[in-house]
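Novice: Quick one: this structure, given as structure tokens, is what I'll be asking you about.
The values are calculated or read from the model by the stated rules, or taken from the named source; none is laboratory data. The structure presented is a predicted model; accordingly, all values stated were derived computationally and were not measured. For neighbour counting, all protein chains shown are included, and Cβ atoms are generated from backbone atoms with ideal geometry for every residue, glycine included. Only protein heavy atoms, including side chains, enter the accessible area calculation; ligands, DNA and RNA are left aside. Shrake-Rupley method; radii C 1.70, N 1.55, O 1.52, S 1.80 Å.
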Amino acid sequence: MDGFEGNKGYSERFGLHQVDFVDGNRPRTPKQSAYFFAQIIEQNGFVSRKQDHFEGVKISPPRRSTPLPPSEVPSASKVVWEKFTPQKKFDRQMYHYGNFSQNFLWGVSSSAYQIEGAWRQGGKGLSIWDKFTHTPGNILQHDTGDIACNSYNKMEDDIAALKKVKVSHYRFSVSWPRILPDGTTEYINQAGLNYYKKLLDSLIAANIQPQVTLYHWDLPQALQDVGGWENETIIERFRDYADILFENLGPKVQLWITFNEPFIIAILGHVQGTHAPGILLSMHDRPDTLPYIVSHNIIKAHAEAWHVYNDKYRASQNGMVSITVNADWAEPRNPYKQEDYDAARSVFYLGWYAHPIFNGDYSPLMKRSVLEQSLAGGLTKSRLPEFTPEEIKRINGTYDYFGLNHYCTKSWTNSCYRGVVLLRDRTWLESGSHWLTMTPFGLRRLLKFIKHEFGNPPIIITENGVSENGPVDLNDVHRKYFYEKYINQVLKAYLLDDVNVIGYTAWSLLDNLEWAVGYTERFGLFYVNRSDPDLSRTPKASVSFYSSIISCNGFPDPASGTHECWNSTSTPTPTLTPKPEGKKINFLQSILSFSDSWSDQRFSKIKIQIETYTTLIHLT
């Protein structure tokens, strides 16, 4: 373990286990090298790859031709934990080579308010985010989306950026108030429709398939003034809005998303007040049923939009419509402890929206949990509204695929004093956002969970990415690391777990307005220079890295010979090179040499990861 190293004190660390010298209890945490060394001991040396010992070279199972029936909810979490809990960390992180299906969708994403700007241009009405960002104290550094990335006027630059990444599809959202300034069909803004028609034509000309989100949080302020998502009449308003888009844009669109992350709409917008419309429940004279009412209306609005498409446009347009839910993977702190298992199982908030749509009605677990909390709070009935039998029938099955936004894993425990508690695992790599830790293994587990819980639907990962903040560095090593590890876990889910993943979408195309934190956190593949009046776009190193994965359609095994996709970029990468003992090692060693100057804790952790990975390359 790390100890006192003579006149160097505690500045040099030789240990297989990290010792936290700040904590008086001196807790020990195993480093990756500890797991690696344990694996060598267990194998009594180095097992040949030909023995098919490592997970990275297992033969892929055949693809399942028919979907599985829905599980008896909420049993799927148990299925996943039983499979992966015994898995050694070394095996969990072991690399896997292979390819996705030939028609796999590779994309990148954005949203209207975060990139368009032109907030009063072209007949656009006000949105709740226009009002929210102009209210002092809501947004870090007083940033707004008034100009954002000016994508409304820089469409050609955005198309050029997409072509550079070599994506097959682009996910963007339509601004509701740009189409219907007051949220209703009383006046349809033709200039707004023309803008999106031009964008669709430009994408199609570039051989890029559009994936269009109807609602990415920018509700017309006029509708919020009459209750917003709390007012049940908004279901009809959203249906009419969707109808207009399907009619006018539908012939050019094959992939639709009704709502982006309804959980964020309900909680951050209507409980915590950190997102528009900024309702802080504890500070307003509002019932504590508000987030449940908002979510209930969103689910019904989604179903109505799906039925409009299904009844009026599907036969002629032949597209797919679904909803995108966000979900962390919930990992029990101690999977062998029933209390922690129950704690993790209780926080699968994607089921709040997915169960009614994919399985019919809210899950029994959610109904019981909300009822118990409601009674404990002195209420006589549950805060959770009930669907009528007719509504259940109308909502159930309103999907054509499963849209998933995922970023990280969270660790949960159950305390007898505080109930369900979220813990922070200090061994997980950090990012530029306080809530986002790099935990690739959770994505594979979440995908397997969705397969079992919701009948193995086609899954499109509609957002996945990582941020940085502070000084700008175009050599975004941490983002390369993130995409490599996360996409490889998607490949494992596809090939080893037979999950029906049909697409992956990186977040995001550009550094843009990250909602309440303004422009301080940057998720983009392209750096947007906000000091330049032209808001120039500059590709980061991750652009060539991600485009190489796209060109390779995954991770071809270098041992099987030279692949043309390796030549898709002149930038060498940690994995996408034909000879791991050559360029790959040199590249990693150059990173390690450069990283000697890194003082930030999260980058020192990345350095440890790279050192370990370099050793693994030699072995495999």
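Novice: Given the structure, is residue 265 open to solvent by less than 40 Å² (accessible area, probe 1.4 Å) and either polar (S, T, N, Q) or in a helix (DSSP H, G or I) (or both)?
Specialist: On the way: open to solvent by less than 40 Å² (accessible area, probe 1.4 Å): yes; either polar (S, T, N, Q) or in a helix (DSSP H, G or I) (or both): yes.
Answer is yes for this residue.
Novice: Do we find a residue being closer than 27 Å to residue 321 by Cα and among the acidic types (Asp, Glu) anywhere in segment 135-153? Walk me through it before giving the result.
Specialist: Applying the first criterion (closer than 27 Å to residue 321 by Cα) to segment 135-153 yields 151-152.
Of the ones still in play, those that are also among the acidic types (Asp, Glu) are none.
Scanning segment 135-153, I find no residue that is closer than 27 Å to residue 321 by Cα and among the acidic types (Asp, Glu), so the answer is no.
Novice: Could you pull out the residue among 208, 234, 257, 179 that is touching a residue at least 24 places away in the same chain (Cβ under 8 Å), open to solvent by less than 10 Å² (accessible area, probe 1.4 Å), among the hydrophobic types (A, V, I, L, M, F, W, C) and out of contact with any helix residue (DSSP H, G or I) (no Cβ under 9 Å at 6 or more places or on another chain)?
Specialist: On the way: 208 fails: out of contact with any helix residue (DSSP H, G or I) (no Cβ under 9 Å at 6 or more places or on another chain); 234 fails: out of contact with any helix residue (DSSP H, G or I) (no Cβ under 9 Å at 6 or more places or on another chain); 179 fails: out of contact with any helix residue (DSSP H, G or I) (no Cβ under 9 Å at 6 or more places or on another chain).
Answer to the check: 257.
Novice: Here's another thing I want to ask about it. For residue 156, indicate whether it is in a helix (DSSP H, G or I) and open to solvent by 20 Å² or more (accessible area, probe 1.4 Å). Before you say what the answer is, go through the steps one by one.
Specialist: Values: in a helix (DSSP H, G or I): yes; open to solvent by 20 Å² or more (accessible area, probe 1.4 Å): yes.
The answer is yes for residue 156.
Novice: Then there is this: For segment 465-578, which fully contained strands (runs of 3 or more DSSP E) count at least 2 residues that are farther than 29 Å from residue 144 by Cα and either modelled with pLDDT of 95 or more or open to solvent by 10 Å² or more (accessible area, probe 1.4 Å) (or both)? Quick ask: steps written out before the conclusion?
Specialist: On the way: elements: 501-507, 526-528, 537-539.
Here the list reads 501-507.
Novice: Collect the residues in segment 332-386 that are among the polar types (S, T, N, Q) and closer than 22 Å to residue 448 by Cβ, keeping them in residue-number order. Steps first, please.
Specialist: Initially, segment 332-386 is screened for residues among the polar types (S, T, N, Q), giving 334, 338, 346, 359, 363, 369, 373-374, 380, 382.
Passing the criteria: 334, 338, 346, 359, 363.
Novice: Quick check on this structure: which one of 187, 195, 215 is open to solvent by 20 Å² or more (accessible area, probe 1.4 Å) and under 22 Å from residue 513 (Cβ atoms)?
Specialist: On the way: 187 fails: under 22 Å from residue 513 (Cβ atoms); 215 fails: open to solvent by 20 Å² or more (accessible area, probe 1.4 Å).
The unique qualifying residue is 195.
Novice: Something else now. With 381, 367, 337 as the choices, which residue is open to solvent by 60 Å² or more (accessible area, probe 1.4 Å) and touching a helix residue (DSSP H, G or I) at 6+ places or on another chain (Cβ under 8 Å)? Even if it seems obvious, please write down each step before you answer.
Specialist: Details: 367 fails: touching a helix residue (DSSP H, G or I) at 6+ places or on another chain (Cβ under 8 Å); 337 fails: touching a helix residue (DSSP H, G or I) at 6+ places or on another chain (Cβ under 8 Å).
The unique qualifying residue is 381.
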